[in-house]
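Novice: Here's a structure for you.
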């Protein structure tokens, strides 16, 4: 048998009597404080004696500009009234004087008139349409209805919200319905809280405190979580740090020099085209070390002291100054090369994780902005077999074991390899890594003589594999499922 407090009984019987009621009705009809009513409602809900229905509604209030428009008139109407029979040229719009309108309001009113088809422009002369008064009158009437809390169509609501005439506030309402009868025992002498008065007059000695079921779990609540893609970013960063790598960074907006020229990518290479790279109409500043820039120039033009012929063209320093959205995080690597100590040029390992940008067509495995995890290792007699061994260990730690490796071409690595992982959900192989050993032409300007293995990982594709998603937009984009975002499980780490 259920034990009721006095307030539980009052709320229970009131909802039973009304069958259905709102929270506001309970407050009006019950002589209890609001907190007591809320506690009793939650108790009755937990015992499945009543049900709760929550719904949302919007209320709209006039903002200052909306109130002034009703009082003084809409700015577009004031402008149209002024323009009648004036033969005002569009080029002189900023020079006219209108009572009650400043120059910013005149320009804004002109834009509204054009958008709402209140004017025509004939031979550069602005002419109001014949029925502009009727069109504006209709809007005035709708705004007045809103001010009186009356309903208008969504079309006008959206219109006035965009013009900041009104503001929207969402309110929550709750209704309760009686579900079933129950037998109960009334704990009339129980109290919920111990207050100062009870302590002073010692009346608490004659009272019994209400018992709480401390083992009863509350209902789960939706709470914010770290985005699943962000979890993979953290996941991979932690893995790098555990393997002894140091982190490096570079800016999103970078010089073509760091993303292209420093990597021995020729200035006429197709990857520099607009269809692949986002260019900014600005130039940046190159490193101040002229001898370093001279080495880059010589390597491009004739290979310098690398036993290479270079690209055999005249290197243009102005092209290298162009600003772009970085196309890969390898720019971080070459910025770091310039900062390495002499010891680190012999033996070191670094990584970077960040967003990159490419002019890609969006499909199931491509986005114009995505994330990469870059890394390199400098060491004595390091070779392609070391690179392949690292790749296998690294991916195995992520839980990816079914891979295949094939040779490929990169302008800055030789040899170069691509890594594919088998995607069970799609029954196909998906490219997840591009890697290789940096060419001597890339390393010579930095004074690095040992071999350098390097790789870049597509993090969204790794996330697709680990979360078993078939479309990249399910990981990062507008196709994220809200229930999955709330409940996803972080993939387990492999200890090897």
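Novice: Suppose we filter region 410-426 for residues that are part of a loop (DSSP other than H, G, I, E, B) and free of Cβ contacts under 8 Å to residues at least 40 places away in the same chain; how many remain?
Specialist: The qualifying residues number 1.
Novice: Another question about this same structure. Hey, among 388, 382, 417, which residue is on the phi < 0 side of the Ramachandran plot and buried (at least 20 other Cβ atoms within 10 Å of the Cβ)? Don't jump to the end; show me each part of the working.
Specialist: Values: 388 fails: buried (at least 20 other Cβ atoms within 10 Å of the Cβ); 382 fails: buried (at least 20 other Cβ atoms within 10 Å of the Cβ).
Checking each option against the conditions leaves just 417.
Novice: Restricting attention to region 176-197, does a residue exist that is part of a helix (DSSP H, G or I), loosely packed, with under 11 Cβ neighbours inside 10 Å and modelled with pLDDT under 90?
Specialist: yes
Novice: Sticking with this one: Consider residue 121 carefully, then state whether it is part of a strand (DSSP E or B) and exposed (fewer than 13 other Cβ atoms within 10 Å of the Cβ).
Specialist: Spelling it out, residue 121 is indeed part of a strand (DSSP E or B) and exposed (fewer than 13 other Cβ atoms within 10 Å of the Cβ).
Novice: Is there a residue in region 326-341 that is assigned to a loop (DSSP other than H, G, I, E, B), surrounded by fewer than 17 Cβ atoms within 10 Å (Cβ to Cβ) and in the same structural domain as residue 438 (by TED's automatic domain parsing)? Walk me through it before giving the result.
Specialist: Of region 326-341, the ones assigned to a loop (DSSP other than H, G, I, E, B) are 326-329, 340-341.
Restricting the remaining residues to those that are surrounded by fewer than 17 Cβ atoms within 10 Å (Cβ to Cβ) gives 340-341.
When the remaining residues are screened for being in the same structural domain as residue 438 (by TED's automatic domain parsing), the result is 340-341.
Among the residues of region 326-341, at least one is assigned to a loop (DSSP other than H, G, I, E, B), surrounded by fewer than 17 Cβ atoms within 10 Å (Cβ to Cβ) and in the same structural domain as residue 438 (by TED's automatic domain parsing), which makes the answer yes.
Novice: For the subset of region 96-110 comprising residues that are farther than 12 Å from residue 80 by Cα and under 37 Å from the mean Cα position of the chain (by Cα), which member is surrounded by the fewest Cβ atoms within 10 Å (Cβ to Cβ)?
Specialist: So the residue we want is 104.
Novice: Buried (at least 17 other Cβ atoms within 10 Å of the Cβ) and either at positive phi or under 35 Å from the mean Cα position of the chain (by Cα) (or both), is that true of residue 365? I'd like the intermediate steps shown before the answer.
Specialist: Details: buried (at least 17 other Cβ atoms within 10 Å of the Cβ): yes; either at positive phi or under 35 Å from the mean Cα position of the chain (by Cα) (or both): yes.
Yes.
Novice: Another one. If residue 250 satisfies all but one of (1) under 26 Å from the mean Cα position of the chain (by Cα); (2) crowded, with 18+ Cβ neighbours inside 10 Å; (3) in a helix (DSSP H, G or I), what's the number of the condition it fails?
Specialist: For residue 250, the exception is condition (3).
Novice: Next up: For the condition more than 39 Å from the chain's Cα centre (by Cα) and free of Cβ contacts under 8 Å to residues at least 60 places away in the same chain, what is the one hit in 30, 2, 15?
Specialist: Exactly one of 30, 2, 15 is more than 39 Å from the chain's Cα centre (by Cα) and free of Cβ contacts under 8 Å to residues at least 60 places away in the same chain, namely 30.
Novice: In this structure, is residue 48 in the same structural domain as residue 183 (by TED's automatic domain parsing), closer than 20 Å to residue 181 by Cβ, touching a strand residue (DSSP E or B) at 6+ places or on another chain (Cβ under 9 Å) and not in a strand (DSSP E or B)?
Specialist: Working: in the same structural domain as residue 183 (by TED's automatic domain parsing): yes; closer than 20 Å to residue 181 by Cβ: yes; touching a strand residue (DSSP E or B) at 6+ places or on another chain (Cβ under 9 Å): no; not in a strand (DSSP E or B): yes.
It is false that residue 48 is in the same structural domain as residue 183 (by TED's automatic domain parsing), closer than 20 Å to residue 181 by Cβ, touching a strand residue (DSSP E or B) at 6+ places or on another chain (Cβ under 9 Å) and not in a strand (DSSP E or B).
Novice: Of all residues in region 472-483, count the ones that are at pLDDT 75 or above and loosely packed, with under 13 Cβ neighbours inside 10 Å.
Specialist: 3
Novice: Now for a separate question. May I ask you to verify whether residue 236 is over 25 Å from the mean Cα position of the chain (by Cα), in contact (Cβ under 8 Å) with a residue 40 or more places away in the chain, surrounded by 17 or more Cβ atoms within 10 Å (Cβ to Cβ) and on the phi < 0 side of the Ramachandran plot? Explain how you work it out, then say what you get.
Specialist: Values: over 25 Å from the mean Cα position of the chain (by Cα): no; in contact (Cβ under 8 Å) with a residue 40 or more places away in the chain: yes; surrounded by 17 or more Cβ atoms within 10 Å (Cβ to Cβ): yes; on the phi < 0 side of the Ramachandran plot: yes.
The answer is no for residue 236.
Novice: Anything in region 73-85 that is in contact with a helix residue (DSSP H, G or I) (Cβ under 8 Å, 6 or more places away or on another chain) and without any contact (Cβ under 8 Å) to a residue 60 or more places away in the chain? List them, or say none.
Specialist: 75, 77, 78, 79, 80
Novice: Sticking with this one: Could you tell me how many of the residues in region 413-461 are under 18 Å from residue 265 (Cα atoms) and modelled with pLDDT under 90?
Specialist: Number of matching residues: 0.
Novice: Can you pull out the residues in region 342-361 that are more than 29 Å from the chain's Cα centre (by Cα) and in a strand (DSSP E or B)?
Specialist: Answer for region 342-361, where residues must be more than 29 Å from the chain's Cα centre (by Cα) and in a strand (DSSP E or B): 348, 349.
Novice: Still on this structure, please answer the following. If you check residue 40 against the conditions, is it surrounded by 15 or more Cβ atoms within 10 Å (Cβ to Cβ), more than 27 Å from residue 151 (Cα to Cα), assigned by TED's automatic domain parsing to the domain that holds residue 183 and more than 40 Å from the chain's Cα centre (by Cα)?
Specialist: yes
The values are calculated or read from the model by the stated rules, or taken from the named source; none is laboratory data. Just so we're clear, the structure is a prediction, and the values are computed from it rather than from any experiment. Methodologically, a virtual Cβ is constructed for each residue, glycine included, from the backbone with ideal geometry; neighbour enumeration extends over all protein chains shown.
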